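The values are calculated or read from the model by the stated rules, or taken from the named source; none is laboratory data. Model, not experiment: these values are computed from the prediction. Backbone-built Cβ (ideal geometry, glycine too); neighbour counts: all protein chains shown. Note: accessible area is taken over every heavy atom of the protein model, side chains too, but ligands, DNA and RNA are not part of it. Shrake-Rupley method; radii C 1.70, N 1.55, O 1.52, S 1.80 Å.
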Amino acid sequence: MVSRPVTPRRSIRVLPPAIAARIAAGEVIERPASVVKELVENALDAAASHIRIHIRGAGLVEIRVSDDGYGILPDELPLAVQRHATSKLPHDDLEQIETLGFRGEALPSIAAVAELAIASATVNAPFGRRLTLSRGEIVADELVAHPPGTTVIVRRLFENVPARLAATRNERAEVAEIVRVVRRLALAAPAVRFALWLEDRLALQTTGTGQLSTTLIELYGPTLADALRSLGPLEVAGARLTGLVSSPDLTHSNRNHLHIIVNGRWTQPRTLLASLKAAYRPLLPRGRHPILGLVIDVDPRAVDVNIHPAKLEVRLHAEPEIGQAASELLRNILARTPRRFVFTPPTQLLDPLRSTAAVSEPDTRYAEESLDAPIVTPALPPLQLLGQLQMRLIVLEGPDALYLVDQHRAHERILYERLRDSQVTQPDLALLPEPILIDVRPADVERFASWLDRLATLGFHCEPFGPRSFLLRPIPTLPGVVPGSDPLAGIGEPKELGLSLLTLLDESDANEDWRDRFLVQLACRTAVRRGKPLSRPALRALVEALGQTSAPAVCPHGSPIVLRVEADALASQFRW
Ligand code: ADP
Ligand code: MG
């Protein structure tokens, strides 16, 4: 349940000039969506439980927002449209802001660039009052019948500001921005019912259940339902983190769906977003972004809200710590959620001549007891090894699903983490039985030599051999790549090591992050290939080692390693 702190209704007053001057002002009303945002924020601050938004002509013709909040007393209505008049800073305390608004600027700013009518009534009042303004001046003042709450109608936006009008020519873009803004506001207030009409079409609607998951599903559609994973709850640096993220099966090509909600405010804390992106980037395919709703509740004194004119950014005092903890939550979910196997109805019959699928015969040489015990690891469910499929997949049975593991990517992940960890602890070294000869073009000899020290810190020891060659012999112990007597011995591609080291010639010396790129490609080149038959002990050892890694579900390039075929999906496909 996500609930916004509800502040009581207070009287509106004009802010003292000293406070008004400290407010991060600026042009608040840049486009129709800014009007929608300000009006809806006012409704939320008034504790509305139902907010209706009607848009005509991309918001340039008319924007109407009505709420059932606590309304404005008739005597105070003129103040509401006056500059720097607000009911929200009762103690002039900009350090402790609990409302979405606090500057007393939105209504007068809108009134300056449009025609504005505001009608409002409070509970138990016999009548409401309505003010109509044109170019900032009150042109009508009437008693009206109005249910408790407030309705604001904004017409002919920017008609007197030709530059703004010209900037909002693209109506589709303006409508899209309005939808985006309403979606954000609705996510930040899941306990509030929202309805948005574009012309006369109901474009978006939430039911106000108070559950973020329900709101996300209402806004993004039912396909999201199966894909949501919870984050937290977690307490860190005085903040409480909760939230939801879409599983790696459901990602987006744009990053507009990262919703961070700090004390009921949709916002974009820069440092936090950067650390979240850095956390998911290696775990998702290139250019893909998750749908994320991250809710941070924290003491209002630990957030600066007054740093951005459109109030889009906030700064959390403990942002680095919170960012790190949130990234860790995100990483754990994305790195460990196996992709779901999606059935598509067969549109074509299989060609029996080309079908090579066959589960390999159990290898009787290893029919010992221990080989049939389930594989139990920290990061994967207990898995029973069934066999190898198409010489590229390891087939396993889990508690309520069949698991398919890509043998190449599994090995890649194991090697990558082994190499990455060896940067922290001194790597154990192994000797290649045959040193690898690396030939370098004469022009590159010096450059390559300049990498040797850094390579040695990773455990790769090369020495010059003749004028334009190097010999590589001691390397870190990489299971399956270096010789040994373990079940993985001999499955990898040690001869690729030479080519892999040569990629350093393409690295610029100045680039401090060469290590990760180097390790990713090295792991990929030397890992077992698809198409290689593997013994049962090797299959088992791969899964055991994979389950010890920090991200068994995704390879270092962000592609899936494990696919889950759920028992339910099978049951429904077979119509059992
Ligand atoms: P701010 O929200 O920063 O205070 P606004 O110009 O948006 O400034 O609104 C001025 C004041 O008018 C608010 O402080 C509030 O008291 C009142 N007000 C505006 N909209 C509403 C609403 N929908 N319901 C109740 N009060 C409102
Ligand atoms: Mg406001």
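Looking only at segment 96-112, which residues are farther than 23 Å from Gly136 by Cα and either more than 13 Å from ligand 2 (Cβ to nearest atom) or open to solvent by 30 Å² or more (accessible area, probe 1.4 Å) (or both)? The answer is Gln96, Glu98. Here are Thr242, Thr271: which of them is farther than 30 Å from Tyr416 by Cα, open to solvent by 20 Å² or more (accessible area, probe 1.4 Å) and not in a loop (DSSP other than H, G, I, E, B)? Exactly one of Thr242, Thr271 is farther than 30 Å from Tyr416 by Cα, open to solvent by 20 Å² or more (accessible area, probe 1.4 Å) and not in a loop (DSSP other than H, G, I, E, B), namely Thr242.
If only one of Arg180, Arg169, Arg135 is touching a residue at least 60 places away in the same chain (Cβ under 8 Å), away from ligand 2 (no atom under 16 Å from the Cβ) and open to solvent by 40 Å² or more (accessible area, probe 1.4 Å), which one is it?
Arg180
For segment 111-122, indicate whether the set of residues that are modelled with pLDDT of 90 or more, over 38 Å from the mean Cα position of the chain (by Cα) and either part of a loop (DSSP other than H, G, I, E, B) or of a type in the set (Phe, Trp, Tyr) (or both) is non-empty. Yes, because at least one residue in segment 111-122 is modelled with pLDDT of 90 or more, over 38 Å from the mean Cα position of the chain (by Cα) and either part of a loop (DSSP other than H, G, I, E, B) or of a type in the set (Phe, Trp, Tyr) (or both).
Restricting Pro487, Pro479, Pro467 to residues that are more than 28 Å from Arg529 (Cα to Cα), modelled with pLDDT of 90 or more and out of contact with any Cys (no Cβ under 9 Å at 6 or more places or on another chain) narrows the list to Pro467. Residues that are under 16 Å from Arg64 (Cα atoms) and surrounded by 22 or more Cβ atoms within 10 Å (Cβ to Cβ) were ranked within segment 114-130; the one that is farthest from ligand 1 (Cβ to nearest atom) is Ala114. Pairs linking a residue in segment 498-510 that is under 14 Å from Ser469 (Cβ atoms) to a residue that is in a loop (DSSP other than H, G, I, E, B), with Cβ atoms under 7 Å and 6 or more positions apart or on different chains, are Leu501/Phe460. Taking every residue in segment 62-77 that is at positive phi and pairing it with any residue that is away from ligand 2 (no atom under 14 Å from the Cβ) and part of a strand (DSSP E or B), at least 6 positions away or on another chain, the pairs with Cβ-Cβ distances below 6 Å are Gly71/Ala121; Gly71/Gly149. The single condition among (1) part of a helix (DSSP H, G or I); (2) open to solvent by 30 Å² or more (accessible area, probe 1.4 Å) that Arg229 does not satisfy is (1). If you go through segment 484-516 and keep only what is open to solvent by 60 Å² or more (accessible area, probe 1.4 Å) and small (Gly, Ala, Ser), you end up with Ser485, Ala510. The residues on offer are Asp93, Asp68, and the sole one that is among the acidic types (Asp, Glu) and in contact with a strand residue (DSSP E or B) (Cβ under 8 Å, 6 or more places away or on another chain) is Asp68.
Across segment 70-95, the qualifying residues are those that are over 17 Å from His146 (Cα atoms) and among the hydroxyl-bearing types (Ser, Thr, Tyr), and the one among them that is farthest from ligand 2 (Cβ to nearest atom) is Ser87.
Based on what the data block shows, is Leu202 more than 25 Å from Ala58 (Cα to Cα) and either part of a loop (DSSP other than H, G, I, E, B) or among the hydrophobic types (A, V, I, L, M, F, W, C) (or both)? When the stated conditions are applied, Leu202 does not pass them. Restricted to strands (runs of 3 or more DSSP E) entirely inside segment 385-444, those with at least 3 residues that are within 18 Å of Pro479 (Cβ to Cβ) are 429-439. Taking Arg193 as the residue in question, decide whether it is of a type in the set (Lys, Arg), farther than 21 Å from Arg331 by Cα and touching a strand residue (DSSP E or B) at 6+ places or on another chain (Cβ under 7 Å). Here the answer is yes, as Arg193 does meet what is asked.
Inspection of segment 463-471 identifies no residue that is out of contact with any Asp or Glu (no Cβ under 8 Å at 6 or more places or on another chain), in contact (Cβ under 8 Å) with a residue 24 or more places away in the chain and open to solvent by less than 80 Å² (accessible area, probe 1.4 Å).
Screening Val81 on (1) modelled with pLDDT of 95 or more; (2) open to solvent by 10 Å² or more (accessible area, probe 1.4 Å) shows it passes everything except condition (1).
Kindly evaluate Asn160 against the criterion of being outside any strand (DSSP E or B), surrounded by fewer than 20 Cβ atoms within 10 Å (Cβ to Cβ) and on the phi > 0 side of the Ramachandran plot. Here the answer is no, as Asn160 does not meet what is asked.
Taking Ile110 as the residue in question, decide whether it is touching a strand residue (DSSP E or B) at 6+ places or on another chain (Cβ under 7 Å) and within 14 Å of Val28 (Cα to Cα). It is true that Ile110 is touching a strand residue (DSSP E or B) at 6+ places or on another chain (Cβ under 7 Å) and within 14 Å of Val28 (Cα to Cα). Looking across segment 517-544, just one residue is in a loop (DSSP other than H, G, I, E, B), open to solvent by less than 30 Å² (accessible area, probe 1.4 Å) and farther than 10 Å from Arg392 by Cα, and that is Ala527.
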